[in-house]
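The structure appears right after this line, and notes come after that.
The values are calculated or read from the model by the stated rules, or taken from the named source; none is laboratory data. Note that the structure is predicted; figures quoted are calculated from it, not measured. Don't worry about glycine lacking a Cβ; one is built from the backbone with ideal geometry, like all the others, and counts go over all protein chains shown. The protein model used for the area step is the full one, side chains on, heavy atoms only, and it has no ligands, DNA or RNA in it. Shrake-Rupley method; radii C 1.70, N 1.55, O 1.52, S 1.80 Å.
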Amino acid sequence: MDIVPLRAELQLIRTTIGQAYLWQDGSQLTLVDTCTPGSADELAAAFAELGFRRADLRRVVLTHCHADHAGSAADVRGWGDVEVMAHRMDAPVVRGERAQAEPVFTEHEMPLYQQVAAGLPDAPPCPVDTELSDGGPIDFGGGAQVIHTPGHTDGSIAIRLPAHGVLFTGDLIANSPNGLLLGPFNTDRALARESFARLTQVPADVVCFGHGDPLTGSAGASAWRSLGQRCRAGADAVPDPLG
C-alpha cells in the first residue's frame, strides 16, 4: 500500500492491485473507487496511516462497475454508516442483479488483458444506496458534479469538483508510459471515444485517473489543456493506440 498526497484534502491510495482516491471534508471522508476484492485491509491501513478511522468514511463513489474499482465496496460499506453511490446504469451490476457487459477487445488489447486483468475475481455484490445520473450533485468537495461518460461501461462516470479544479476520470482516460490515451477494455469503443473527447473539454488543475499517475501542478494542467485542444476536433482526434 502506498499513499501519494495530491492536495491537503486529496490522497491517492495505491493498493497491491488498483488505486483509489480519498477526499477529506473536515472529519468526513469520501472514497472514489475501492480497488480489487480483498483490498479493504489495505484501504483501512491507509486510513490509519493518515490518522483517520474507518468510521470517518461517509460515502463511496464508484466510477464504474468493474471489479478493480468496485471490488471492495461491499467490505468498505460494512465499516459503518457508509453510502455507496454508482450510476444508475451500472448499479444493477454492482448489486449483483445483472452480469456486466463484456468488453469488446481489439487485437492489440488481448495481450494486455491476459497480462493485467484475466483471472481477476468478480466483485462481491454490494448494495447501491444512491443511483447517480448525469449532472447530478454529490455532497462532497464543495459540490461534486457527475459527468456520465458511457463507453467503457454503460454507467461509467467522471466526477468534477469545480470549487477545487479536480477531475476524476475513472477508466475512460488512462495515463500510460506513452502518455494520455483512451483506456482499454471498452464495451463500446466508438461511444468511449466520444465521451473521451467531451470530457477533455472540462477544465481541471488536478486530473485523477483510474490507472496511471494523476496530473498535478502547472505541467499537469498544461498537459490536460493540450489534450483538450487536440480533442476539440472530436472523437477521431482521441489518442487510441490500442484501437
Pull up the DSSP beta bridges for the chain and report the antiparallel fraction as a percent, rounded to 5. 65
So what are the ³J(HN,Hα) numbers for segment 3-13, from phi and the Karplus equation (6.51, -1.76, 1.60; θ = phi - 60°), rounded to whole Hz, Gly and Pro as x? 10, 10, x, 10, 8, 4, 9, 10, 10, 8, 10
Pick from 194, 109, 49 the residue whose mean-square fluctuation is largest in a GNM of the chain, springs joining Cα atoms under 10 Å. 49
Scalar couplings 3J(HN,Hα) for segment 182-194 by Karplus 6.51 cos²θ - 1.76 cosθ + 1.60 (θ = phi - 60°), nearest whole Hz, x for Gly and Pro, are 4, x, x, 6, 9, 7, 9, 5, 4, 5, 4, 5, 5
Cα extents of segment 85-243 along the three principal axes, largest first, in whole Å? 42, 41, 24
On a C-alpha basis, how far is the centre of segment 188-243 from the centre of segment 128-159 in Å? Whole number, if you could? 18
Compare 42, 83, 97 in a GNM of the chain, Cα atoms joined below 10 Å, and give the one with the largest fluctuation. 97
Solvent exposure of the chain as accessible area per residue, Å², 1.4 Å probe: 42
Förster radius 45 Å - calculated FRET efficiency between residue 112 and residue 56 (Cβ-Cβ, nearest 0.05): 0.75
If the chain between residue 236 and residue 99 were fully extended at 0.36 nm per residue, the gain over the current Cα-Cα distance would be 46.2 nm
Let me know the volume per residue of the alpha-carbon convex hull for segment 175-243, in Å³. 82
Is any residue of segment 130-173 close enough, with backbone N under 16 Å, to a label point placed 7 angstrom from the Cα of residue 190 along the Cα-Cβ axis, and if so, which? 150-152
Label points 7 Å out from Cα along the Cβ direction at residue 88 and residue 4: separation in nm? 3.5
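For residue 136, what charge total do you get from the other residues with a beta carbon under 13 Å from its beta carbon, if Lys and Arg give +1 and Asp and Glu give -1?
With Lys, Arg at +1 and Asp, Glu at -1, the net is -1.
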What is the ratio of the Cα radius of gyration of segment 1-153 to 2.2 N^0.38 Å, with N the residue count, to two decimals? 1.03
If you build the convex hull over the alpha carbons only and average its shadow over all orientations, what do you get for segment 22-111? Give it in nm² to one decimal. 7.0
Through the Karplus equation 6.51 cos²θ - 1.76 cosθ + 1.60, θ set to phi - 60°, convert the phi angles of segment 37-47 into ³J(HN,Hα) values in whole Hz; use x for Gly and Pro. x, x, 8, 4, 5, 5, 5, 5, 5, 5, 4
Points 7 angstrom from Cα along the Cβ direction at residue 25 and residue 131: gap in nanometres? 2.3
So the carbon and sulfur contribution to the accessible area of segment 113-239, 1.4 Å probe, in percent, is 48
Quick check: net charge around residue 116, other residues with Cβ under 13 Å of its Cβ, Lys/Arg +1 and Asp/Glu -1? -3
Which net charge results for the neighbourhood of residue 233, defined as the other residues with beta-carbon distances under 14 angstrom from its beta-carbon, given Lys and Arg at +1 and Asp and Glu at -1? +1
